[in-house]
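In what follows, a single structure is set out as structure tokens and then discussed.
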Amino acid sequence: MKICIFGAGAIGGYMAAKLAQAGGDVSIVARGPHLAAIQAQGLTLLEEGAGPVTVRVRATADAADLGPQDYLIVTLKAHSVPPVVAAMQPLIGPGTTVVSGVNGVPWWYFHKIGGPLEGTRLHSVDRGNLQWDGFGPDRVLGCVVYPAAEVSQPGTVRHIEGNRFSLGEPDGSRSDRAVALSQALQAAGLKAPVRPRLRDEIWVKLWGNLSFNPISALTHATLDVLCTDPGTRDVARRMMIEAQEIAEKLGVTFPIDVDRRIDGGAAVGAHRTSMLQDLEAGRPMEIDALVGSVQELGRITGTPTPTIDTVLALVALRGRMAGLYRTT
């Protein structure tokens, strides 16, 4: 089984290191100093309670060096994917499965969902249908990513917590390709359940990302603060209730209520969300996939989203003023 991880930063690097430790045939596409360090010295993984482990993986900036794969696992930020779809084509053969391990509402959301919205394209996350046309929705296997990790220095990934990568077919079936990848990930010491209702998990994770991320970018507050301050907690709650109405119109079932989800965020402690980290580091902000996509789904389902609209307008301007967000 040949597996390529495209975008082997923190999460992709963590997965690649675990697969390589287990003897898997894994390669990575990366760039910059991180790639140079991996090529020179190997990929080092730091895990709690264990010493550093360095593995050798085939690493390149050019997908043409690797050829067609059985699984192409995409772990880039959502806004980074459409511009490199063309660069991924050498990795895609007749039997390649594209695993979408990207935060937010995925571009394939309405593929095999059934009903009147079947096949609907989402402009906010796939302008110009670059992913829909470039990958093909029949290739896609969904993935909800739960681990937290960081690139502590070029060539080194520090695992912080979590080891679950939930997998799911768009039609909810337990396919051979999903089971085979699940088994490979489990053999590497990762949790990889195959879910019949992956969209439910997408929304539970999105609930927090939709609200906590932009509020933190606007206030610079950590999770423990923004989830307990009465004002910001109320804004997050309103956003989540609007999102829940949209999701339930799309057939999603939430296993917990809004307040428990916010309390779970508070329990994480003094954590800076990924959007706040990107803002502070001068990296492009993941606004469309986490917030703009939910606004678009509100329009599609005829659901008013006044709080989401307000927060999106503010964080989009914040991103543009910092030169870290553009809509075209």
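FYI, it's all coordinate maths here, none of it is from the lab. The structure presented is a predicted model; accordingly, all values stated were derived computationally and were not measured. So basically every Cβ, Gly included, is an ideal-geometry build from the backbone, and we count neighbours across all protein chains shown.
For the chain, what is the relative contact order in percent, using Cα pairs closer than 8 Å and at least 6 residues apart in sequence?
Once normalised by length, the contact order is 15 percent.
Give the cross-link partners of Lys249 among the aspartates and glutamates, using a straight C-alpha distance below 13 Å as the criterion and excluding same-chain residues fewer than 8 apart.
Asp200
Calculate how many DSSP beta bridges within the chain are antiparallel, expressed in % of all such bridges and rounded to the nearest 5.
Antiparallel: roughly 30 percent of the beta bridges in the chain.
Order these peptides, 30-38, 210-218, by their mean beta-carbon neighbour count within 10 angstrom, highest first.
Going from most to least packed, we get 210-218, 30-38.
Suppose R0 equals 22 Å. What FRET efficiency, 1/(1 + (r/R0)^6) with r the Cβ-Cβ distance, do Asp138 and Gln89 give to the nearest 0.05?
Given R0 = 22 Å and the Cβ-Cβ separation, E is 0.85.
With each label point set 7 Å from Cα along the Cα-Cβ vector, what nm distance links Asp65 and Glu280?
3.3 nm
Test of understanding: what is the full-extension gain from Arg127 to Glu161, defined as 0.36 nm times their sequence separation minus their Cα-Cα distance?
Here the answer is 8.9 nm.
Can you give me the Cα centroid spacing of the range 197-239 and the range 72-115 in angstrom?
Their Cα centres are 25 Å away from one another.
For Lys2, go through the lysines and keep the ones whose alpha-carbon is under 28 Å away, minus same-chain ones fewer than eight residues off.
Counting by Cα, and skipping residues close in sequence, Lys2 has these lysines nearby: Lys18, Lys77, Lys112, Lys191.
What trypsin sites (Lys or Arg not before Pro) in the range 46-122 are in a loop by DSSP, with at most 13 other Cβ atoms within 10 Å of the Cβ?
Arg56
For the range 202-213, just list the computed ³J(HN,Hα) in residue order, Karplus coefficients 6.51, -1.76 and 1.60, θ = phi - 60°, integers in Hz, with x standing in for Gly and Pro.
For the range 202-213, the Karplus-derived couplings read 4, 6, 5, 5, 4, 3, x, 4, 4, 9, 5, 4 Hz, x marking Gly and Pro.
If you place +1 on the Cβ of every Lys and Arg, -1 on the Cβ of every Asp and Glu, and leave all else neutral, what size is the dipole of the range 37-155 about its Cα centre, to the nearest 20 Debye?
Computed charge dipole of the range 37-155: roughly 160 debye.
Give me the one-decimal nm value for the distance between modelled label points at Lys191 and Leu117, 7 Å along each residue's Cα-to-Cβ direction.
Placing both labels 7 Å beyond Cα along the Cβ direction yields 2.8 nm.
What distance in nm separates the two pseudo spin-label positions at Ala180 and Gln21, each 7 Å out from Cα along the beta-carbon direction?
Placing both labels 7 Å along Cα→Cβ, they lie 2.5 nm apart.
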